[in-house]
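Before any comments, here is the structure.
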Amino acid sequence: MVRYLNYNTVLKSEFSERVQKISINAGFTCPNRDGSKGTGGCTYCNNQTFSPDYCKPAKSVSQQLEEGIAFFNHKYEAQKYLAYFQSYTNTYDKLENLTQIYEEALNNPKVVGIVIGTRPDCVSDELLDYFAELNKRYYVMIEFT
Ligand code: SF4
C-alpha cells in the first residue's frame, strides 16, 4: 500500500482517461543562468539528462508536442496530454510572450492542460491571475523548485 499521494493518483482523480505529460523546451533561460542573479545554473540543472530527443527549442512548441504525442500514441491508444514546460524557468518572460507560448500548446486538441516548472521569484501577480482564469477551462499545475 502506498502511504503517500503520488502524481499518478492525482491525475486519475482529475481525468477519466489516461493522461501523459509531454516535455517542452520553449527556449527559456533562468536568473541563475543569464547573469541577473548568477551564471552557470544550479549544479543539478542538466536538462540534457531528462529531455527527450524531440524536445529542442529550435522546434516550435506545436512541433515538439506533435512529435511527443506521436511517440506516446504508439504505446497507448486513447489518452490526452499535458504540455509540460519543463526546461529552466518557464515563466521568465513578458506576460504577452508567455501567454502566446502556453496557448500555442493548448491549441492542440489533444492537450487538456499545462504543467509549468518555474521558481517563485519569477511569477507575477498578473501571471497568477492569468493562470486562475486559464484554470477555469484547462488543467493547470505549477511546479515550484
Ligand atoms: S532552472 Fe532552476 S534548477 Fe536550473 S539553474 Fe535555474 S533555478 Fe537552477
Separation of the Asn135 and Val10 label points, Cα + 7 Å toward Cβ, nm: 1.2 nm
Percent carbon-and-sulfur accessible area, the chain, ignoring ligands, DNA and RNA, probe 1.4 Å: 50 percent
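Under the rule that an exposed site lies in a DSSP loop and has at most 13 other Cβ atoms within 10 Å, name the longest stretch of the chain with no GluC sites (Glu not before Pro) of that kind, not counting the sites themselves. Let's see the in-between values first.
Values: sites that count: Glu17, Glu77.
Longest stretch, sites excluded: 78-145.
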Accessible area (Å², per residue) of segment 39-145, counting only protein heavy atoms and a probe of 1.4 Å: 57 Å²
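Within 10 Å, at most 10 other Cβ atoms, and a DSSP state outside H, G, I, E, B define an exposed site. Report the longest part of the chain free of exposed chymotrypsin sites (Phe, Trp or Tyr not before Pro). It would help to have the intermediate numbers written out before the result.
Working: sites that count: Tyr4, Tyr44, Phe50, Tyr76.
Answer from the scan: 77-145.
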Tail beyond 18 Å, pair distance distribution of segment 29-145 (Cα, percent): 54 percent
Computed lengthening from Asn46 to Asp34, 0.36 nm per intervening residue step minus Cα-Cα distance: 2.8 nm
List Thr9, Thr99, ordered by accessible area with a 1.4 Å probe, largest first: Thr9, Thr99
Per residue, the convex hull volume that the Cα atoms of segment 1-97 enclose (Å³): 166 Å³
Positive-end residue of Gly40, Phe71, Tyr4, charge dipole of the chain with Cβ unit charges: Tyr4
Expected 222 nm ellipticity per residue - DSSP helices of 4 or more, -39500 (n - 2.57), all of the chain, to 500: -9000 deg cm²/dmol
Violating pairs (Cα-Cα greater than 32 angstrom) within the set Lys37/Lys80; Lys59/Lys94; Lys37/Lys110: Lys37/Lys80; Lys37/Lys110
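On full extension of the chain, what length is gained from Leu95 through Asn107, given 0.36 nm per residue of separation minus the C-alpha to C-alpha distance? All intermediate terms of the calculation are to be shown ahead of the outcome.
Values: separation 12, 0.36 × 12 = 4.32 nm, distance 1.80 nm.
The Leu95-Asn107 span can extend by a further 2.5 nm.
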Residues Arg18 and Glu66, FRET efficiency given R0 of 25 Å [Cβ-Cβ distance, rounded to 0.05]: 0.85
Options Tyr81, Thr29, Val140, ranked by Cα towards positive dipole end of the chain, top entry (Cβ charges): Tyr81
Charge dipole magnitude, Cβ of K and R +1, D and E -1 - the chain, Cα centre, debye nearest 20: 520 debye
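The values are calculated or read from the model by the stated rules, or taken from the named source; none is laboratory data. Model, not experiment: these values are computed from the prediction. Backbone-built Cβ (ideal geometry, glycine too); neighbour counts: all protein chains shown. The accessibility values were calculated without ligands, DNA or RNA, using every heavy atom of the protein model including side chains. Shrake-Rupley method; radii C 1.70, N 1.55, O 1.52, S 1.80 Å.
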